[in-house]
1. From F155, F184, which residue is touching a strand residue (DSSP E or B) at 6+ places or on another chain (Cβ under 8 Å), of a type in the set (F, W, Y) and within 20 Å of Q35 (Cβ to Cβ)?
2. Among (1) over 22 Å from V67 (Cα atoms); (2) at pLDDT 55 or above, there is one condition N45 misses while meeting the rest; what is its number?
3. For the structure I just gave you, tell me whether A16 is modelled with pLDDT under 85, exposed (fewer than 11 other Cβ atoms within 10 Å of the Cβ), out of contact with any strand residue (DSSP E or B) (no Cβ under 7 Å at 6 or more places or on another chain) and outside any helix (DSSP H, G or I).
4. Do we have L127 as free of Cβ contacts under 8 Å to residues at least 60 places away in the same chain and either touching a helix residue (DSSP H, G or I) at 6+ places or on another chain (Cβ under 6 Å) or on the phi < 0 side of the Ramachandran plot (or both) here?
5. Any residue at all in segment 74-97 that's in contact with a Ser or Thr (Cβ under 6 Å, 6 or more places away or on another chain), surrounded by 14 or more Cβ atoms within 10 Å (Cβ to Cβ) and over 23 Å from D153 (Cα atoms)?
6. Given the criterion out of contact with any Lys or Arg (no Cβ under 8 Å at 6 or more places or on another chain), of a type outside the set (F, W, Y) and part of a strand (DSSP E or B), identify the matching residue among V150, V160.
7. Condition (residue is over 17 Å from E174 (Cα atoms), under 18 Å from the mean Cα position of the chain (by Cα), of a type outside the set (V, I, T) and at pLDDT below 90) applied to segment 112-132: is it met by at least one residue?
Amino acid sequence: MNKISIIGLAAISAIALSSAVEAKTVLSAKERCFQIGQTEAGGWNEVLKIKPQQALTDKPGAVVEVVGLDHGSKAVNPPLNYYNQFAGAASYIGKGDQEVTGEVVQIALVGTSYGTDTATAAGIHGLWTFDHSLMLEPEKKGKIPGGRMVGYDTFNPTEVGHENNPATQTVHEELVTEISCKGF
């Protein structure tokens, strides 16, 4: 009887361990950088760095915290730069979900930043808010094959004399390509 119990416990342990091993990493817990869209001469160059707080697996219901930093630059004289901080969460969406086709790592990112709306001639100061969804192909051999980012950038004037100006909103849908984080 004891021999059977030991064999039964070993079999149960093997099954429990094998199900944990079956979950594959779809986003590792390392800093990753992405080129957002295409770089154009004289235009904005935008790069996003993200850092998951732990590895994300394809286990149903898995979710991890993610922080990010967006850096935009424009080669004009004098050069223009901005940095926007993000916080969010990542989850794995498997095949068969009605919202996406195929497998995807979806990262919801939100952030705020005080700055200037350079689209206006006056350069009005105010608050930028960002609501982005980063949808990446699951990691394969340590690399992210590709993805896209969609979302909104909203500007609300706060400068005295302009605080009643209407908010403006820009919609984004850009391809993202993984790049090296060196020199970020």
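1. Values: F155 fails: within 20 Å of Q35 (Cβ to Cβ).
The unique qualifying residue is F184.
2. That leaves (1) as the condition not met.
3. Numbers: modelled with pLDDT under 85: yes; exposed (fewer than 11 other Cβ atoms within 10 Å of the Cβ): yes; out of contact with any strand residue (DSSP E or B) (no Cβ under 7 Å at 6 or more places or on another chain): yes; outside any helix (DSSP H, G or I): no.
So A16 fails the test.
4. Numbers: free of Cβ contacts under 8 Å to residues at least 60 places away in the same chain: yes; either touching a helix residue (DSSP H, G or I) at 6+ places or on another chain (Cβ under 6 Å) or on the phi < 0 side of the Ramachandran plot (or both): yes.
So L127 passes the test.
5. Restricting attention to segment 74-97, the residues satisfying the condition of being in contact with a Ser or Thr (Cβ under 6 Å, 6 or more places away or on another chain) are 81, 84.
When the remaining residues are screened for being surrounded by 14 or more Cβ atoms within 10 Å (Cβ to Cβ), the result is 84.
Adding the requirement that they be over 23 Å from D153 (Cα atoms) leaves none.
No, there is no match, as no residue in segment 74-97 is in contact with a Ser or Thr (Cβ under 6 Å, 6 or more places away or on another chain), surrounded by 14 or more Cβ atoms within 10 Å (Cβ to Cβ) and over 23 Å from D153 (Cα atoms).
6. Details: V160 fails: part of a strand (DSSP E or B).
One residue alone meets the criteria, V150.
7. So far as segment 112-132 goes, no, none of its residues is over 17 Å from E174 (Cα atoms), under 18 Å from the mean Cα position of the chain (by Cα), of a type outside the set (V, I, T) and at pLDDT below 90.
The values are calculated or read from the model by the stated rules, or taken from the named source; none is laboratory data. Worth saying up front: this structure is predicted, and the values here are computed from it rather than measured. FYI the Cβ positions are ideal-geometry reconstructions off the backbone, even for glycines, and counts take in every protein chain you see.
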